[in-house]
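First the structure, in the form of structure tokens, and then the observations on it.
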Amino acid sequence: MRLLTALITIFPGLLYAQDTLSALPPPNINYGSGIASIIFKLFISLIIIVGLIYFTVYLLRKISNRTLPGTNNLIKVIGKTYLTPKQSLYIVKLGLTYSVLGVGENSVNFIKDLSVEETKTLQSIDDKPKGFQNILKSVLNK
């Protein structure tokens, strides 16, 4: 009995705890929409993000292919081939002449200017649009 009296005097709120819990309304728990709507929202978000990535890549390609104002196309790389991972050969059009350049890790070396016959074949290659079909046709014709 003394214990009960001590508890009542020390913790007066214990007597009314059960009454206050029963007086509260039941909680209104909203579990939200089902799994199907969550997956649908996720799918739509994924489509939007992938679309934005493709649009950004498209814009970057358009911007990077522009030539700067005041520049002209006097220098143009016609072709290149790698000899080793750090050495390659370039055929470059400089104005009206074609040159072969050797490019190393720390240097660029002039090798030779191309002759008129070689230039004519390069001009025909340069004029054609580059693509797999044209390369295949040129290989099959030889």
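The values are calculated or read from the model by the stated rules, or taken from the named source; none is laboratory data. It should be emphasised that the depicted structure is a prediction, and the values quoted were computed from it without experimental measurement. So basically every Cβ, Gly included, is an ideal-geometry build from the backbone, and we count neighbours across all protein chains shown. The protein model used for the area step is the full one, side chains on, heavy atoms only, and it has no ligands, DNA or RNA in it. Shrake-Rupley method; radii C 1.70, N 1.55, O 1.52, S 1.80 Å.
Which one is modelled with the highest pLDDT, of the residues in segment 99-142 that are closer than 14 Å to Val77 by Cβ and open to solvent by 70 Å² or more (accessible area, probe 1.4 Å)?
Ranking the candidates gives Val108 first.
Condition check: exposed (fewer than 10 other Cβ atoms within 10 Å of the Cβ) and at pLDDT below 70. Does Leu96 satisfy that? Full working, then the answer.
Values: exposed (fewer than 10 other Cβ atoms within 10 Å of the Cβ): yes; at pLDDT below 70: no.
When the stated conditions are applied, Leu96 does not pass them.
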